[in-house]
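Here is the structure we will look at.
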Amino acid sequence: LTGVLDDCLCDIESIDDFNTFKIFPKIQKLQERDYFRYYKVNLKRPCPFWADDGHCSIKDCHVEPCPESKIPVGIKAGSTNKYSKAANNSKELEDCEQANKLGAVNSTLSNQSKEAFIDWARYDDSQDHFCELDDERSPDAQYVDLLLNPERYTGYKGPSAWRVWNSIYEENCFKPRSVYRPLNPLAPSRGGDDGESFYTWLEGLCLEKRVFYKLISGLHASINLHLCANYLLEETWGKPRWGPNVKEFTRRFDPIETKGEGPRRLKNLYFLYLIELRALSKVAPYFERSVVDLYTGNGHEDAESKALLLDIFRDTKSFHMHFDEKSMFAGDKKGAKSLKEEFRLHFKNISRIMDCVGCDKCRLWGKLQTQGLGTALKILFSEKEIQSLPENSPSKGFQLTRQEIVALVNAFGRLSTSIRELQNFKVLLQQTR
């Protein structure tokens, strides 16, 4: 896998070097910080599209929620209602002193006036969201320690898993049903059609719709890479051994076994990496403001976390071959606005499909990575609002919740890990030849 990617002027070797030597070590450290390791998620939301029939084949599908006592006080305080009437009660104010420091609105902010937060809370920013967000106030929403629930092989496969991906590709990637998608085991066989008609169709699409497909394909490839790299190799005496499975990797990505499809999927992974990298470089001014804290209640750790995040932003800005999103939605204003809205709604629908995943661990990481990508898209389409942010007060124009921040960083961390694991598989494949 070498050379320049389609739809952007960047080569794979440059991304490999940049990721291995600059981004990967730092993003790994950042994900271990308290602010980024605890993610609040509702894994009990019913599938809105069909009766869930998914089953896991091994016990590792289970997600262990985090006991309240383990959650840092600053994170718990920041997840209360955006605007609570109880805040007017003086006793409640004493009890929730930490929450007041946060403004009881968003755990990235501190020491702001209550009036500003009330005003901000009234602002409805749902039009900016590319994802269906979980209601953090739901009794079914629980904190999960991502470090204790790593993404890895769970044995979740078969018709249930394929129905999820089939729904994503067939109904949400702007694809007419008459165009056969390569290697979809649920699609009826087309005889000699090896899927080339699909790529003829894809190349004929406008850039925006082509990008959309590549983002989804890249996400799919990344998830498959994680499962191959962290596979249940054996279990003896109740002790599981996890590690890279070269045979599984070959089955999913080898050019011969996948009829040339595997390398295309991996190129889409690199494309997705560039998109999220671009979003990180664009959102830097939001976090560079002194008003933004990565607040957990531990001042020393919070300061270190922010310094590390800003260091990563400096690295993202130093990369000179970004994807240029200015070429997207650049036609006539009315058509561009309509296309952007269609793009947003399609992606939002995909985030809802994640509630149909039948394995809790797969659902957790599916929701987190789609929310991370949705947050990246929200950033890329909010450049003007980010550039005009006030230094010392909350902004109505652009805002990120703690959940979005945690999802953004961890989703990019997963992509960085995928590209690192790909290097590892290249070495393993050379050793087996």
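Taking 60 Å as R0, compute the FRET efficiency from the Cβ-Cβ separation of GLU391 and ARG433 and round it to 0.05. That pair, GLU391 with ARG433, gives E of 0.60. Remark: spin-label model distance LEU310-GLU257 equals 4.7 nm, labels positioned 7 Å along the Cα→Cβ axis.
Each label point was placed 7 Å from the Cα along the Cα-to-Cβ direction; for VAL4 and LYS384 their separation is 3.2 nm.
Heavy-atom accessible area, probed at 1.4 angstrom with all protein chains present, ranks LYS317, LYS209 as LYS317, LYS209, highest first.
Cross-linked pairs LYS22/LYS70; LYS209/LYS334; LYS326/LYS384; LYS26/LYS361; LYS22/LYS367; LYS22/LYS214: Cα-Cα separations exceed 23 Å for LYS22/LYS70; LYS26/LYS361; LYS22/LYS367; LYS22/LYS214.
Taking 0.36 nm per residue of separation and subtracting the Cα-Cα distance, full extension of the segment from ALA51 to LEU339 would add 100.5 nm.
With K and R counted +1 and D and E -1, the other residues having a Cβ less than 11 Å from that of LEU294 yield a net charge of -2. The Cα atoms of the stretch 340-386 give a gyration tensor whose axes a ≥ b ≥ c have a/c of 1.5 or more with a/b no greater than b/c, which makes the shape oblate. Estimated from the Cβ-Cβ distance and a Förster radius of 45 angstrom, the FRET efficiency linking LYS70 and GLN423 is about 0.85.
Shown here: the stretch 251-370, whose C-alpha atoms stretch 52, 43, 31 Å along the first, second and third principal axes, sorted largest to smallest. Here the label points at ARG241 and THR200, each 7 Å from Cα along the C-beta direction, are separated by 5.0 nm in the simple model. If you add up the charges near VAL246, with Lys and Arg at +1 and Asp and Glu at -1, over every other residue whose beta carbon is less than 12 angstrom from its beta carbon, what do you get? Result for the local shell: +2. If the label point is 7 Å along Cα→Cβ of ARG352, which residues in the stretch 158-182 have backbone nitrogen under 19 Å from it? Under 19 Å, as judged by backbone N against the label point of ARG352, lie 163-175 of the stretch 158-182.
Taking only the C-alpha atoms of the stretch 177-298, Rg followed by Dmax gives 19.8, 62 Å. Every Cα-Cα pair in the stretch 338-433 was counted, and those over 16 Å apart are 68% of them.
The values are calculated or read from the model by the stated rules, or taken from the named source; none is laboratory data. Note that this is a predicted model, so its numbers are computed, not measured. Here Cβ is always computed from backbone atoms with ideal geometry, including for glycine, and neighbour counts include all displayed protein chains. Remember, those area values only see protein heavy atoms, side chains included, never the ligands or the DNA or RNA. Shrake-Rupley method; radii C 1.70, N 1.55, O 1.52, S 1.80 Å.
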